[in-house]
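Read-outs throughout are calculated quantities, based only on the coordinates presented, and are distinct from any laboratory measurement. Computed from a predicted model, the values in this text were never measured in an experiment. For neighbour counting, all protein chains shown are included, and Cβ atoms are generated from backbone atoms with ideal geometry for every residue, glycine included.
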Amino acid sequence: MRIRTAALSLLAVALATTLVACDRQDPSAGNAAPATEATAEAAAPATASDTVHAFAIGSLQATALRDGTLSVPNDNAVFGVGRTPEEVAEVLAAAGQPTDVLHLGVQPLLVRTGDRVLLFDTGAGRNMGDGAGKLGESLAAAGVAPGEVTDIFISHAHGDHVGGLVDAQGALAFPNATVRMTAQEWDDLRTRGTAEGADPVQAALVAAITPKVETFAAGAELVPGVVQAVEATGHTVGHAAYRITSGSDSLLYVGDSMHHHVISVQRPEWTIAFDRDADAGRERRQALLGQLADSGERVYAVHFPFPGLGHIERQGDGLVWAAE
């Protein structure tokens, strides 16, 4: 959806309408826009389409689930804060991208392991208008009922990642799932959701998920041998990435450590308004990109073009996103 009709950026839209602040200076406002291994043959894979994309992580069956797309104008309100639209446009044009707008995907990740069905983030739900909130349709296309999901791993509590935890009536969208996030992120969300004058949508979300939340510390092993939390603070107080492992294969779900497949990768030092702590977010992004380029580890980037699978590669003196 185009954000300019509500404000000049995705951040402003959510400040008016949704859950948790992406603006690092206003953490009480809405989001900017927000085991035992199974073999890959253990369940029928989803059909590849523009809605779902099935792939393997070693012997694990995984599925990218399209929740929607968001669009941000190139006006330096969100990307390249403190730069100029011309500087941003030059980088976008060199990569063959539109120069007036930056498009962001929203795609939670589904992984099956043994008798557990794991979901990483839940998309926007009602928070981003018609541009997103289509996770339920994608799950159906993948042949998964909401009641089958056993574990939900939240990277952070912005509206385009937690909005899908509840349905249009405010009830749990995944009634049988444990909701996992870092202790810092849950404390931050719960404080806002229970504060006097809290946004009603945010308050309802907190009330609905409270009995289901289990917290963890950075680096915790959450599903033995399969899922480990990776510290990635800066974007929010308790932002986490997740490393998903099967045998010698692994994939890093980076959450919002990076947002745009060109600007975030090729200009990681530029400030993004979504990061609550701009300096920490920038430092963490640069360090992570370097690590990924050196290791060659496979990446799942929730906001990169669908399905968000690929690698970070060195090109000359810089870095680029190499999609699968």
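Which residues' amide hydrogens lie under 5 Å from the amide hydrogen of Val302, considering only partners 5 or more residues apart or on another chain, with H built in the peptide plane?
Val254, Gly255
How many percent of Cα pairs in segment 241-324 exceed 18 Å?
Working: 1262 of 3486 pairs.
Across segment 241-324, Cα pairs with separations above 18 Å total 36 percent.
Suppose R0 equals 22 Å; then what is the FRET efficiency for Glu90 and Glu324 from their Cβ-Cβ distance, rounded to the nearest 0.05? Spell out each step's value before the answer.
On the way: r = 27 Å, r/R0 = 1.23.
Calculated value: 0.20.
Under a plain spin-label model, where a point goes 7 Å from the Cα along Cα-to-Cβ, how far apart in nm are Glu196 and Asp294?
Distance between the two pseudo-spin positions: 5.1 nm.
Pull out a ≥ b ≥ c, the square roots of the eigenvalues of the alpha-carbon gyration tensor of segment 61-128, then state rounded if a/c is under 1.5, prolate if not and a/b is larger than b/c, and oblate in the remaining case. Intermediate values should be presented prior to the final figure.
On the way: a/c = 3.53, a/b = 2.49, b/c = 1.42.
Judged from the Cα gyration tensor, segment 61-128 comes out prolate (a/c at least 1.5, a/b above b/c).
With a Cα-only, solvent-free Debye model of segment 57-98, what are the log10 I(q)/I(0) values at q = 0.23 Å⁻¹?
Debye curve over Cα of segment 57-98, log10 I(q)/I(0) at q = 0.23 Å⁻¹: -0.79.
Given bins 5 angstrom wide, list per bin the percent of all Cα-Cα distances in segment 170-298, short to long.
Pairs per bin, as whole percents: 2, 10, 16, 18, 18, 16, 11, 6, 2, 0.
Sorting check: for 75-84, 95-104, 60-69, 161-170, which peptide has the highest mean count of neighbouring beta carbons within 10 Å, and how do the rest follow?
Numbers: 75-84: 18.7, 95-104: 15.3, 60-69: 24.9, 161-170: 21.8.
Answer by packing, highest mean first, reads 60-69, 161-170, 75-84, 95-104.
Filter the GluC sites (Glu not before Pro) in segment 176-273 to those in DSSP coil with at most 16 other Cβ atoms within 10 Å of their Cβ, and list the result.
Sites meeting the loop and neighbour criteria: Glu196, Glu269.
When the Cα atoms of segment 128-167 are enclosed in a convex hull and the volume is divided per residue, what value in Å³ results? Provide the component values of the computation, followed by the final result.
Working: hull volume 3.3 nm³, N = 40.
In segment 128-167, the Cα hull volume divided by residue count equals 82 Å³.
Where does the charge balance sit around Thr182 when Lys and Arg score +1, Asp and Glu -1, over other residues with C-beta under 12 Å from its C-beta?
Numbers: positive: Arg180; negative: Glu185, Asp187, Asp188, Glu214, Glu231.
Overall, the nearby charge balance is -4.
With θ set to phi - 60°, apply the Karplus curve 6.51 cos²θ - 1.76 cosθ + 1.60 along segment 209-214 and write out the HN-Hα couplings as whole Hz, x wherever there is a Gly or Pro.
3J(HN,Hα) across segment 209-214, in whole Hz: 8, 3, x, 9, 7, 10.
Would you calculate a helix-derived [θ] at 222 nm for the chain, using -39,500 (n - 2.57) for each DSSP H run of n ≥ 4 and dividing by the full residue count, to the nearest 500?
Working: 8 runs with 73 residues, N = 324.
-6500 deg cm²/dmol, from helical runs alone.
Using a Förster distance of 22 Å, how high is the FRET efficiency between Arg243 and Glu283, based on the Cβ-Cβ distance and rounded to 0.05?
On the way: r = 20 Å, r/R0 = 0.91.
Using R0 = 22 Å, I get an efficiency of 0.65.
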